[in-house]
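To start, the structure under review is shown below, and the notes come after it.
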Amino acid sequence: MAGLTSSSIGRKYAMALSAMFLLIFLLMHLSTNMTSVFSEDVFNSASHFMGYNPAVQFLMQPILMFAVIFHFAMGFILEIRNNKARPVKYANNNGSANSTWMSRNMIISGAVILAFLALHFYDFWFPEMNFKYIEANVPNEARYWEELHHKFHDLWRVVLYVVAFVLLGLHLAHGFQSSFQSIGARHPKYTPIIKAFGNWYSILIPLGFIFIAIFHYVTQ
């Protein structure tokens, strides 16, 4: 890992790999949460499986947490190094003529998304750890849907989630294609396909999460 992150190219490559892992996780997370819209029983069963499966809890969950921390930490490091290495600031170099606002401000959207993740952990992960390991409650497969539904009782929380997912979409719109470019996927034949798929991904994934939040709010 030290060798991979010791150079600028290595850091970008490592960040791209962590981004791809998180892209897959987002798709899986959305798939599970979307079942809450259609069936309480299916969502409860899926959540119970994810919550008590040893491979998920003690292998995939630590890897996921490491990937999240690594991705954002590496993003901040790359941004700081790029700013130091840039001889002329964008404001004086007309950066907007050559790049989008989001590509120049990934650090801002990343920081907001990181703050949202802290809220998400507070809302779901910490209560789950408390239920299972601190209070040591007996497993209850029927509790998950009601807990999720209750979290979206207040409008302010729904608004925060919507804003966070809109920013996530903007972050993904640039980050999706950038991650593929960082690992060498730059062939003219495939770039339009990657760009198109990334655009759809950056719209549909956040929109799905927004739909779930609004659904649970309006069906209180």
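The values are calculated or read from the model by the stated rules, or taken from the named source; none is laboratory data. What you are looking at is a predicted structure, and each value in this text was computed from that prediction instead of being measured. Positions of Cβ are generated from backbone atoms using ideal geometry, with glycine treated the same way; all protein chains shown enter the neighbour counts. Heavy atoms of the whole protein, side chains included, go into the accessibility calculation; ligands, DNA and RNA do not. Shrake-Rupley method; radii C 1.70, N 1.55, O 1.52, S 1.80 Å.
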Every residue in region 171-202 that is more than 26 Å from PHE76 (Cβ to Cβ) and aliphatic (A, V, I, L, M), please.
ILE193, ALA196
Scan the helices (runs of 4 or more DSSP H) fully inside region 140-220 and keep the ones with 3 or more residues being closer than 25 Å to SER109 by Cβ and more than 14 Å from the chain's Cα centre (by Cα).
155-182, 191-218
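Is it true that GLU128 is assigned to a helix (DSSP H, G or I) and open to solvent by 80 Å² or more (accessible area, probe 1.4 Å)?
On the way: assigned to a helix (DSSP H, G or I): yes; open to solvent by 80 Å² or more (accessible area, probe 1.4 Å): no.
When the stated conditions are applied, GLU128 does not pass them.
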Any residue in region 159-182 that's under 26 Å from ALA14 (Cβ atoms): show its pairings with residues that are among the charged types (D, E, K, R) and modelled with pLDDT under 90 at Cβ separation under 8 Å, as long as the two are six or more apart or on different chains.
GLN177/LYS195; SER182/LYS12
I want to confirm something. Restricting to region 21-48 and keeping residues that are of a type in the set (Phe, Trp, Tyr), touching a helix residue (DSSP H, G or I) at 6+ places or on another chain (Cβ under 8 Å) and open to solvent by 40 Å² or more (accessible area, probe 1.4 Å), which single residue is nearest to ALA67 (Cα to Cα)?
PHE21
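Yes or no, residue by residue, for (1) in contact with a Phe, Trp or Tyr (Cβ under 6 Å, 6 or more places away or on another chain); (2) closer than 24 Å to ILE113 by Cα; (3) hydrophobic (A, V, I, L, M, F, W, C); (4) at pLDDT 80 or above:
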position	(1), (2), (3), (4)
GLY3	no, no, no, no
PHE43	yes, no, yes, yes
HIS48	no, no, no, yes
PHE66	no, yes, yes, yes
ILE80	no, yes, yes, yes
VAL88	no, no, yes, no
Where the second residue is open to solvent by 60 Å² or more (accessible area, probe 1.4 Å) and in a loop (DSSP other than H, G, I, E, B) and the first is on the phi < 0 side of the Ramachandran plot and lies in region 131-154, which pairs have Cβ atoms under 6 Å and are six or more apart or on separate chains?
HIS153/GLN220
